[in-house]
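Report on the following structure.
The values are calculated or read from the model by the stated rules, or taken from the named source; none is laboratory data. Just so it is clear, the model here is predicted, and its values are computed rather than measured. Ideal geometry is used to build each Cβ from the backbone, glycine not excepted, and the neighbour counts take in all protein chains shown.
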Amino acid sequence: MFTTLAQATQQAAQAAPAADATPKNNNLFDIVTGLFSRVDMLAHPQDMLPKLEAMGIVWAVVFLTAGLLCMFNGYKYYKLIVTFLAVLIGLFAGYAVGQRLDAGGTTASHAPYIVGGCCAALLAVLCFPLMKYAVAVLGGLIGAFIGANLWSAIALQAHKGEVTQIAELYWIGALIGLILIGMLAFVLFKLSVELFTSVSGSTLAVIGGVALLMEVPGWRGSVSDSIGAHAVIIPMLVLVPALIGLISQESRTDVEPAEA
């Protein structure tokens, strides 16, 4: 009995360092699908920050650069940006669907990547003949994103961060934003394009910027504490640059869309 106990203790001691040494998940697909697993992600910084910390400096710079370009030049290159966003949505949504389909497997497979690639290619091809409808769909998705995050952030802040029944009804805000901004594309096309490119660009830039700040060891703790303290911090960080980008695009009335 004592021999068995000693062996079990030794195995546990060997397993503990191995578990601690397990590297964090740096798969971009898992990070992005984890970030956007809920539509009101910005109002839940405690869920976002670990994923941003795992992103890495290279992808943080890519997100920051792509977000700034999208935020300030969205209307000029809107056909390219719509196609790019459609590809990203198809890629990551398809990957998430592929993971669910592959969940019962005993070994890792490439099914999620195959499903993601197929969805991305399909949406990219559909964007060109249906560009106006693609703008309406993306506008509606951004509207749902805005509505859900504002609803959830205000509800959480009003109740000092406690998750209440009102905060869990964020889908009402998402539905309102989906309808309002989705319909805007058929009435005010230019404003709709500027709005969804500004918000999506600002979101990408904030994700990249925060992830980049958390790569600095001396700043990681203070950044995490400051951003995670209130539910409205990240929504405000996204809203203010988005408004700046929207005003910047709207003020340049001489800018015409570039041909794809």
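Structural remarks
- Flag if V223 is under 26 Å from I154 (Cα atoms) and either of a type in the set (A, V, I, L, M) or touching a helix residue (DSSP H, G or I) at 6+ places or on another chain (Cβ under 8 Å) (or both): yes
- Of all residues making up the range 37-68, the number that are surrounded by fewer than 17 Cβ atoms within 10 Å (Cβ to Cβ) and either among the charged types (D, E, K, R) or closer than 23 Å to N149 by Cα (or both): 5
- Any hit, the range 200-209, residues being under 19 Å from L138 (Cα atoms), in contact with a Pro (Cβ under 6 Å, 6 or more places away or on another chain), of a type in the set (S, T, Y) and surrounded by 19 or more Cβ atoms within 10 Å (Cβ to Cβ): yes
- Cβ separations smaller than 7 Å between residues 6+ apart or across chains give the following pairs from the range 62-85 residues that are under 17 Å from I142 (Cα atoms) and in contact (Cβ under 8 Å) with a residue 60 or more places away in the chain to residues that are of a type in the set (D, E, K, R) and surrounded by 20 or more Cβ atoms within 10 Å (Cβ to Cβ): G74/E194; Y75/E194.
- Hey, L243 assigned to a helix (DSSP H, G or I) and modelled with pLDDT of 90 or more or not: yes
Quick grid of which residues meet (1) over 30 Å from E250 (Cβ atoms); (2) among the charged types (D, E, K, R):
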{"position": "N27", "(1), (2)": "yes, no"}
{"position": "I31", "(1), (2)": "yes, no"}
{"position": "G34", "(1), (2)": "yes, no"}
{"position": "R38", "(1), (2)": "yes, yes"}
{"position": "A43", "(1), (2)": "no, no"}
{"position": "M48", "(1), (2)": "no, no"}
{"position": "A54", "(1), (2)": "yes, no"}
{"position": "V61", "(1), (2)": "no, no"}
{"position": "N73", "(1), (2)": "no, no"}
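- Leading residue by the ranking (nearest to L85 (Cα to Cα)) among those in the range 203-223 that are aliphatic (A, V, I, L, M), assigned to a helix (DSSP H, G or I) and without any contact (Cβ under 8 Å) to a residue 24 or more places away in the chain: L213
- The sole residue among Q157, Q99, Q165 that is in contact with a Pro (Cβ under 6 Å, 6 or more places away or on another chain) and modelled with pLDDT under 90 is Q99.
- Exactly one residue out of L184, L175, L188, L195 is surrounded by fewer than 24 Cβ atoms within 10 Å (Cβ to Cβ), closer than 26 Å to N73 by Cα and out of contact with any Ser or Thr (no Cβ under 9 Å at 6 or more places or on another chain), and it is L188.
- Condition check for A231: touching a helix residue (DSSP H, G or I) at 6+ places or on another chain (Cβ under 7 Å), of a type outside the set (S, T, N, Q), at pLDDT below 85 and in a helix (DSSP H, G or I): no
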